[in-house]
Amino acid sequence: MSVVPLVHAGPACGRKAHGLAVLLRAGLPVPDGFVVTDPAAGPRVVAEHLGRLRGRAFAVRSSGLTEDSATASFAGQLETVLGARGLDEVLAAIRRCAASPQTDRARGYRAHLDLDGEPAAPVLVQELVEADHAGVLFTRDPRTGADAVVINASWGLGESVVSGAVTPDEIIVTAPADTVRVTVGTKQTRLDLREHGLVRSPVPEADRARGCVPPDEVPRLVALGRRCADLFGRAQDVEWVVRDDHIWLLQARPITALGDPAAEAGRDSAAPLVTGVPSSPGRARGPARLVRSVDEFSSVRHGDILVCRTTDPAWTPLFRLAAAVVTETGGVLSHAAIVAREFGIPAVVGAGDAMTSLTDGAPVTVDGTAGTITGGCD
């Protein structure tokens, strides 16, 4: 069958859809949807399934057979189209997502992790939840493997968090007493669905300075995250969204790379040039390579320290060259941080003045465990 209601999705529907189906059947809050297992599915059958969904727009996402596994998340490597409206836009988004395993970045990611390819991906279509705030939750700290729930959150749709477009709020809930530590991020912009599509807009100063997750919502998120981990029997990476005080779950997949709880930060005596959010453990030394756009990709050499404002999936090939990654925006649960951990290179994100404080070509040491960048390579 080429189109399957989400609640009935099995392994042939890809890992993302199958995981959400498990949550749905367990009674957890997941937006309704369906899976297209054959990109050649006729418009009529897609229209029939689309007609029973609510909302004014849809989220169309790849659900590859090899993504969201225990060893490879494919974070940001396959396509997602948010805000598709009407049958024609949804059909175009389905074709784009289904073909995304064959993009250069997806093939390069698979090659680096020695994974087999797939000609096309099943595609998940869901109601788009128009978020008040949203984010990502890990049921263990990915930097250390510690028994702590780590939450990254920002205003509007969660794409701002997963893409690293903003430095999000970080909430850490540490077992067994469930002590809560909140670090408020800058959250300078937000992405929302408007009448004519998705719009990124500035966040008012007052909202930048306050946390976007109300205190009474934190234990509800933690409980849902732990329920997901119990269902799948291992630590989970969970995407979530809140609309009108209702939490929806958009993804649950294994955490692919967990740090060592015994790992210690480096002991540099020099004062750091830049500090940020420690996001992928380890230390690396090399020349800082400041990259402002894809036009400057050719300047990056093997062993360089990649320094940039932010990354998107098109930047993944540079992760195969760089000894470490430093970004001015983003959080520990962003795609860039996840891929850095999977590739085994240190990363510091949310280092707000990295592009102005570091000099292109100058030697630096990146400590992804401590979240520091110091001068020199000693």
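Taken together, the values in this text are just the output of simple stated rules run on the coordinates, not laboratory data. Here the structure is a predicted model, which is why all the values come from computation and not from measurement. So basically every Cβ, Gly included, is an ideal-geometry build from the backbone, and we count neighbours across all protein chains shown.
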Per GNM of the chain with C-alpha springs under 10 angstrom, the most fluctuating residue out of P31, P202, P142 is P202
Express the C-alpha Rg of the range 274-375 as a ratio against the empirical globular expectation 2.2 N^0.38 Å, rounded to two decimals.
-> 0.89
Which trypsin sites (Lys or Arg not before Pro) from the range 125-185 combine a DSSP loop assignment with at most 15 other Cβ atoms within 10 Å?
-> none
Rounded to 10°, Cα long-axis angle of helix 218-232 versus longest principal axis of the chain | 70 degrees
Compute the acute angle (0 to 90°) between the alpha-carbon long axis of helix 86-99 and the principal axis of greatest extent of the alpha-carbon atoms of the chain; round to the nearest 10°.
-> 50 degrees
Quote the charge dipole size of the chain about the Cα centre in Debye, to the nearest 20; the model charges only the Cβ of Lys and Arg (+1) and of Asp and Glu (-1).
-> 420 debye
Taking the Cβ of S279 as the centre, find all other residues whose Cβ is under 9 Å away and add up their charges (Lys, Arg: +1; Asp, Glu: -1).
-> +2
Expressed as a whole-number percentage, the relative contact order of the range 274-375 with C-alpha contacts under 8 angstrom and at least six residues apart is 41 percent
Near L321, within a Cβ-to-Cβ distance under 11 Å, what is the net charge of the other residues, with Lys and Arg +1 and Asp and Glu -1?
-> +2
For V81, what is the net charge nearby, where nearby means another residue's Cβ is under 12 Å from its Cβ and Lys, Arg count +1, Asp, Glu -1?
-> +1
Sparse-neighbourhood loop sites, GluC sites (Glu not before Pro) in the range 191-238 - DSSP loop, at most 12 other Cβ within 10 angstrom = E195
In degrees rounded to 10, the 0-90 angle between helix 15-25 Cα long axis and the longest Cα principal axis of the chain is 60 degrees
